[in-house]
Amino acid sequence: PGALIVLQEDINNYRGTTDTFLGSYFNTTPYGDYEDLISRENSYNPLIRFAIFSSEGGPVPDGAAITSATLSLYKSSYYNYTYRAHPLLIDWDESQATWEQAANGQPWNEPGAQGSGTDYMAGGSPEASVGWNPGWLELDITDSVQAMSLGQQSNFGWHLIGITGNSNTRYFYSREYPDDPSLRPKLVIYYQTDPNANFHPTV
């Protein structure tokens with residue numbers, strides 16, 4: 001037997017999303033309370049995290065066998081782009097994170113959390129694209145959620161890293177988006193409830 005869980009702020013009483021973007025222009029300003037996650041290479045870098053497991057206040061049992069995990073963000077603007085989600089290696093605070101620091105007194109290894117292998121894991125999710133018009137970007141983060149469940153890495157969330165596409169600024173709705181909670185970032189997880197069940201590893 002398995003269970004399907006949808007983590008989305010203020011849906012089904014879930015309150016466990018933290019998100020922000022790091023901005024290079026006002027490099028000491030935190031943007032954790034903005035209604036948008038802004039994305040533009042070398043200028044605006046979105047970060048997102050969900051409380052997933054019981055030990056961190058989430059609904060998924062610690063050590064659960066994760067069958068699949070999909071991170072979805074709604075792009076409210078135009079312009080197409082291809083992304084990967086890279087697990088972060090440094091803890092950060094939504095209300096304090098800026099281009100220069102992850103939290104008060106904790107600088108990033110490279111400004112904008114751009115240190116591959118130091119601020120974020122060099123290996124990220126498979127690439128996923130979002131089209132020109134507004135719509136959902138869906139990223140397969142099964143491998144990293146599995147690793148978190150097995151205690152192989154910490155849940156510091158993900159750094160959304162752009163790969164290729166139209167270079168204009170793109171906007172995604174954040175957890176604070178007020179008009180329609182169903183368009184806030186969501187993490188859909190399917191896991192085995194039987195600890196003895198076999199599950200297929202992702203490739």
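One table, with the values for the structure above:
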{"read-out": "Top of Trp108, Trp99, Trp132 by mean-square fluctuation, Gaussian network on the chain, Cα under 10 Å", "value": "Trp132"}
{"read-out": "Nearest-20 debye value, the chain charge dipole, Cβ charges on Lys, Arg, Asp, Glu", "value": "340"}
{"read-out": "FRET efficiency, 1/(1 + (r/R0)^6) with R0 30 Å, evaluated for Leu150 and Gln106 via beta carbons", "value": "0.70"}
{"read-out": "From the C-alpha gyration tensor of the chain, square roots of 5λ in Å", "value": "26, 19, 17"}
{"read-out": "Helix-only CD estimate at 222 nm, as mean residue ellipticity for the chain, using -39500 (n - 2.57) per DSSP H run (n ≥ 4)", "value": "-1000 deg cm²/dmol"}
{"read-out": "Share of carbon and sulfur in the accessible heavy-atom surface of region 48-203 [1.4 Å probe, %]", "value": "46"}
{"read-out": "Relative contact order (%) - the chain, alpha-carbon pairs under 8 angstrom, separation at least six", "value": "36"}
{"read-out": "Computed over region 1-80, Cα set: Rg, Dmax in Å", "value": "15.4, 50"}
{"read-out": "Of the GluC sites (Glu not before Pro) in region 86-151, those whose Cβ has at most 16 other Cβ within 10 Å and which sit in DSSP loop", "value": "Glu100, Glu127"}
{"read-out": "Solvent exposure of region 38-191 as accessible area per residue, Å², 1.4 Å probe", "value": "40"}
{"read-out": "For the chain, with +1 on Lys and Arg beta carbons and -1 on Asp and Glu, the positive-most of Ser24, Pro181, Pro126 along the dipole", "value": "Pro126"}
{"read-out": "FRET efficiency estimate (nearest 0.05) - Cβ-Cβ, Thr118 to Tyr34, R0 30 angstrom", "value": "0.70"}
{"read-out": "Positive-end residue of Ala97, Asn45, Ala85, charge dipole of region 35-123 with Cβ unit charges", "value": "Ala85"}
{"read-out": "Charge sum, other residues only, whose C-beta stays under 12 Å from Leu137's C-beta, Lys/Arg counted +1 and Asp/Glu -1", "value": "+1"}
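The values are calculated or read from the model by the stated rules, or taken from the named source; none is laboratory data. No experiment lies behind these values; they were computed from the predicted model shown. Note: ideal-geometry Cβ built from the backbone for every residue, glycine included; neighbour counts use all protein chains shown. In case anyone asks, the SASA skips ligands and DNA or RNA and just uses the protein heavy atoms, side chains included. Shrake-Rupley method; radii C 1.70, N 1.55, O 1.52, S 1.80 Å.
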